[in-house]
1. Considering only DSSP states other than H, G, I, E and B, which trypsin sites (Lys or Arg not before Pro) in the range 477-527 qualify as loop sites with at most 13 other Cβ atoms within 10 Å?
2. Could you tell me how far the Cα centroid of the range 608-646 sits from the Cα centroid of the range 115-138, in Å?
3. Here are some pairs, K512/K692; K149/K339; K241/K339; K149/K307; which of them have Cα atoms lying more than 32 Å apart in this structure?
4. In sequence order, what are the phi-derived ³J(HN,Hα) couplings for the range 99-111 according to the Karplus relation 6.51 cos²θ - 1.76 cosθ + 1.60 with θ = phi - 60°, rounded to whole Hz, with x for glycine and proline?
5. So who's got an amide H within less than 5 Å of the one on F749, skipping anything under 5 residues away but keeping other chains? H placed 1.01 Å off N, in plane.
6. On a C-alpha basis, how far is the centre of the range 666-742 from the centre of the range 250-276 in Å? Whole number, if you could?
7. On the accessible surface of the range 213-314, probed at 1.4 Å, how many percent belong to carbon and sulfur atoms?
8. Averaged per residue, what accessible surface does the range 113-164 expose to a 1.4 Å probe, in Å²?
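The values are calculated or read from the model by the stated rules, or taken from the named source; none is laboratory data. Owing to the predicted nature of the structure, the values given are computational and were not obtained by experimental measurement. Note that each Cβ is placed from the backbone with ideal geometry, even for glycine, and that neighbours are counted across all protein chains shown. Surface accessibility is based on the protein's heavy atoms, side chains included, excluding ligands, DNA and RNA. Shrake-Rupley method; radii C 1.70, N 1.55, O 1.52, S 1.80 Å.
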Amino acid sequence: MSRKIGPILCCVAVLTCVATVSGATASIAGEPDFPEHQRSHWSFQPVAEPDVPASQTNHPIDAFVLARLRGEGIRPAARADRTALIRRATFDLHGLPPTPAEVRAFVEDDSPDAFATVVDRLLASPRYGERWARHWLDLARYAESEGFKSDETRPNAWRYRDYVIESLNSDKPYDRFVQEQIAGDELWPSDPQARIATGFNRHYPDESNAAILMQRRQEVLLDITDTVGSVFLGLTYSCAKCHDHKFDPILQSDYYRLQAFFTNVTTDDEIHLLNERQRAERQLQEAKWEEATREIRSQMDALLEAKRADAFETQVNRRSPETREAFRKDAGQRSMYEKLLFQQHMWQMRYHNDARLANSLPKQDKERYRELEAALAEFDHVKPGPLPVGMGIRELGSEPPATHVLSFANYAAPLEEVEPGYLTLLAPGPATYAPALDGRSSGRRTALAGWLTGADNPLTARVMVNRLWHYHFGQGIVRTPSDFGLMGERPTHPELLDWLAAEFQSSGWSIKQMHRLIMNSQTYQQSSEFRQAASEEDPLNRLLWRFPPQRLEGEVIRDSMLAVAGRLNHQVGGPSVFPELPFGAAQPRGGWDVPESQHAQDRRSVYVFVRRNSRYPMLESFDMPDTHESCARRSLTTTAPQALALLNSEHTLGWAQGLAGRILDFAGTDRDGQIREGFRLAYSRQPDGWEKDTVLTFFETQRAIIAERAAAGEPLLLPDVLPAGMSQQEAAAVVDFAHMLLNSNEFVFKN
């Protein structure tokens, strides 16, 4: 769906929505009068650390959960067996299955803190950041292309992904994490990583070839406002862009008060990453190259001067009359609003680069230009290499343009001017802020970052601990993670949510400490065994009488298959990779540059290039979200393409060959050993008697089927390792066994 019809849909909502809940009586003028049911809504109340219920357990989480279960007459499940526990924890924190050695060490460790030790080990690994970054990237609508029709590549967007991974691995306090993403360039301007953090608000989809720059700019601001409101505050701010929120105490003016914090931002796609010494060395080298090539470049510029002017004029003529007039002004005469529009316009001029313009020169000039290019290339040994840069946002000055409430979110229909401000219900009046002393920014986002992480804000800590709970249990204490409003679901354990939020803040906003707190509870460690009697009382398991079984995400399924096949490339960070597309998949617009090395393709899924309009097919089939907007809770579907992707994909078959090779490398021709090793690698356990007999029967059946294939001349899928004395037909049967293991429910579920 095109984002351009958003305001239209919003207008339709005004005409068709029946407001069953009365809202505030004033939004643009006068002091609003919020009804009591809005003022008293649980999420807008201060976070107060409640008393832990009396219980025989020593763990506060268990005390809160058991109190609810006792009230409903439900007993909790028994503790999960050790194999299930370490498998659950490793999938949770690493997104990978545990190795056989890790399972054996935990099963044999009879110390009382054995599981706590496992949790600490998992949190200390770089695999942790790779796993949990994926959750945050969903929220940040992270992608490496523009979206819309052209879907151009954003070549340095991956640095934000690496920033998130490193921040999580270092246990950066969440309040600092939020502040960097909102205002890193204002708060820590000399820290490149803090500036890259502002990429959170650079991940908007962008129609880069849009002719109406005012509309394009407004769509970007709408996206930023919607995302900040939902991710950090857990509120559906987007519902208030056209009118006062129909259910929550969010005024239309509140929407644009939040937007006013960002009204002065523009792209910053050349954040330099060099330290002071490297920067000085590079400047010296650049000066040498510029001096040596000054005359050559001057002649090249002279040949292109007219073409550049024509290209600029052609682009300007596509704009509205007001925009054309602004662009033809001297730079010093443009207003801040006009400067922001001009900055947007110049991004599009990248399309008209010198190489393209040179191709349109007259023949004689073109030949001369090529000669000069060749002469310039002789100085490449002097020229510094490509400058490492990141992407984020910045401001063009300290005096932002005015922000207005917009009639139905229409940039051409401004109403009353508003100042930056927070949710009126919580903090009426305009925000206070101070422009940067050097005049480079307004200081507005610094004020917003402070309020979001301040002690008086009841939402930020609650929202984040609920997200952590959601990713561990598959359902949050509030089951609508980005909607804490009146139409969102109420918390199943409100006192526990507040206790966690208070603990989160008092622990220094440590995310890793919250993992330890949650995972060391009996609530987390209980079995996922189904019990009919408990289900009749609580069919959706909202009170957590057992651990909820959860299907793994597509990224975890792919990574787990690579891991058990012995093929997973554990390289950390760096530019994204383009794994080979399935047979018959269309080449995406914008390109898909598959590396020759299979090992390079086999990196973790968090490093797979994210093209907005063409998500990687396997991940898309397993519900990878649309990156045009923030995703707080992934859809969970069961479809035929998922089964076909696992059953017929050449990638899955290749991973089955790798797994079979590992099985045979350990067990050789010993059939019982092959079965035990297959279960140990795929399921972290040994087969029971029935399973062993079933697999033996499978091998007997496959022997005849494979013999028929071989007789018909069909090629056989063989393992990576073929033991001495084993026929190809016997080895092919082990590949089929491995393929069966990878296609089982037990392999793709966290229990």
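1. none
2. Using only Cα atoms to place each centre, the spacing works out to 22 Å.
3. On the way: K512/K692 40 Å; K149/K339 26 Å; K241/K339 25 Å; K149/K307 27 Å.
Where the Cα-Cα span goes over 32 Å, the pairs concerned are K512/K692.
4. So the J values, rounded to whole Hz, are 6, x, 5, 5, 5, 4, 4, 6, 4, 8, 8, 9, 6.
5. Those qualifying (amide H under 5 Å, at least 5 residues apart or on another chain) are L552.
6. 57 Å
7. Using a 1.4 Å probe with all protein chains present, the range 213-314 comes out at 48 percent carbon and sulfur.
8. On the way: 1260 Å² over 52 residues.
Per-residue value: 24 Å².
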